[in-house]
Amino acid sequence: MISKSFYLLKKNPFLVLFYAIYIAITFVLVLLLYPRDFSQFSDPQNYMNFDYIAYAIIMLKMLIAAGLMFLISLFFTAGYGFMITEAVTTGETSAASFLQGIKKFFVRILLLMLLLIAIVIGISIIIGIISIPLAFAMVMVGDPFIMSVIIYIVTIALVFFSVPFFILWIPAVFIDDTRIMKGLTNGLKAGVKNYWKLLLLLFFMYVPIVIYMLFNINTMYSGQIFSAGYFLLLSIEALISIIYLPIVFNIYHNYRQSLIANHQINYMP
């Protein structure tokens, strides 16, 4: 799968170019609108001396950055997803396909993202409900640190092991050229079939993040955002993602081909 992903990227340089432009825009937004560190709003000698106005302004900037990145990601996902679909199913794509993808899939991707946000909120509520008895136990045991770690681990585990079921949702919408709910159904079926493969891919996606958190915990606690490690992490994740996306689309495409080969479906979108 990895070698096939490299082959597709090598054969279709526009995939690399458009992804690089997207990452560059994201980097610029982060540099322009995110604070260097959060400790700048308070006085280390007097924690009561907090600049609430400056903090509110920077929060507004971060909100604007998040909104812009979300909007840009919608256009990018619609166009880039269509390009990858062409590359995976036919072997080739073009720059013109990016605009075609936006025209054809933008509304569906918007609805999909909104539904995904709703699912995330629902999962968060479930995790919150599960955490209530753990929080009660924390009070009874009297060791907040240990119970906080347990709650954190349980939360991460629930999210980590549930994500593979939804990874193939977007490829299903593109490759099947179907509505988002049908894409969700198809993606879930493919996710169950390829669960451990997707879980392994997800694991390698999160390894750099975990390593960064372990070796930069003091920097994170100090409130500093911009650091050499932070930008190294973003660069590594960008490189992994550009390889990861064709792999995910290939996994779903192969799943569809296996259904056709087994006569479980009699068409290829």
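The values are calculated or read from the model by the stated rules, or taken from the named source; none is laboratory data. All of these numbers come straight from a predicted model, not from anything done at the bench. We place every Cβ from the backbone using ideal geometry, glycine too, and count neighbours over all the protein chains shown.
Restricting to the range 204-226, what's the tally of residues that are closer than 24 Å to Leu32 by Cβ and modelled with pLDDT of 75 or more?
Residues of the range 204-226 closer than 24 Å to Leu32 by Cβ: 209, 212, 216, 219-220, 222-226.
Right, trim to modelled with pLDDT of 75 or more and you get 209, 212.
Matching residues across the range 204-226 total 2.
With the condition kept exactly as written, say whether any residue in the range 19-29 is modelled with pLDDT under 85 and either among the aliphatic types (A, V, I, L, M) or within 25 Å of Glu86 (Cα to Cα) (or both). Quick ask: steps written out before the conclusion?
To start, the set of residues in the range 19-29 that are modelled with pLDDT under 85 comprises none.
Looking for residues that are modelled with pLDDT under 85 and either among the aliphatic types (A, V, I, L, M) or within 25 Å of Glu86 (Cα to Cα) (or both), one finds none in the range 19-29, hence no.
Starting from residues that are in contact with a helix residue (DSSP H, G or I) (Cβ under 9 Å, 6 or more places away or on another chain) and small (Gly, Ala, Ser), keep the ones in the range 50-65 and report whichever is nearest to Leu31 (Cα to Cα).
The residue in question is Ala65.
Give the residues of the range 57-95 that are among the hydroxyl-bearing types (Ser, Thr, Tyr) and more than 17 Å from Leu111 (Cβ to Cβ), sorted by residue number. Walk me through how you get there before you give the answer.
At the first step, the residues of the range 57-95 found to be among the hydroxyl-bearing types (Ser, Thr, Tyr) are 73, 77, 80, 85, 89-90, 93-94.
Residues satisfying the conditions are Tyr80, Thr85, Thr89, Thr90, Thr93, Ser94.
Okay, residues lined up against (1) at pLDDT 90 or above; (2) closer than 24 Å to Leu114 by Cα; (3) part of a helix (DSSP H, G or I):
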site: Leu134; (1), (2), (3): no, no, yes
site: Ile153; (1), (2), (3): no, no, yes
site: Phe161; (1), (2), (3): no, yes, yes
site: Gly183; (1), (2), (3): yes, yes, yes
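Within the range 231-242, can you find the residues that are more than 15 Å from Tyr212 (Cβ to Cβ) and buried (at least 16 other Cβ atoms within 10 Å of the Cβ)?
So the first thing to find is which residues in the range 231-242 are more than 15 Å from Tyr212 (Cβ to Cβ), and the list is 241-242.
Of everything in the range 231-242, just one residue is more than 15 Å from Tyr212 (Cβ to Cβ) and buried (at least 16 other Cβ atoms within 10 Å of the Cβ), namely Ile242.
Given (1) under 26 Å from Arg179 (Cβ atoms); (2) buried (at least 17 other Cβ atoms within 10 Å of the Cβ); (3) modelled with pLDDT under 85; (4) hydrophobic (A, V, I, L, M, F, W, C), where does Ile102 come up short, assuming only one miss?
For Ile102, the failing item is (3).
Scan the range 3-37 residue by residue and report those that are assigned to a helix (DSSP H, G or I), of a type in the set (D, E, K, R) and touching a residue at least 12 places away in the same chain (Cβ under 8 Å).
Within the range 3-37, Lys4, Lys11 qualify.
Among the residues of the range 223-244, which ones are among the polar types (S, T, N, Q) and either within 17 Å of Phe76 (Cα to Cα) or free of Cβ contacts under 8 Å to residues at least 24 places away in the same chain (or both)? Lay out the reasoning, then the answer.
As a first pass, look at the range 223-244 and keep what is among the polar types (S, T, N, Q): 224, 227, 235, 241.
Passing the criteria: Ser227, Ser235, Ser241.
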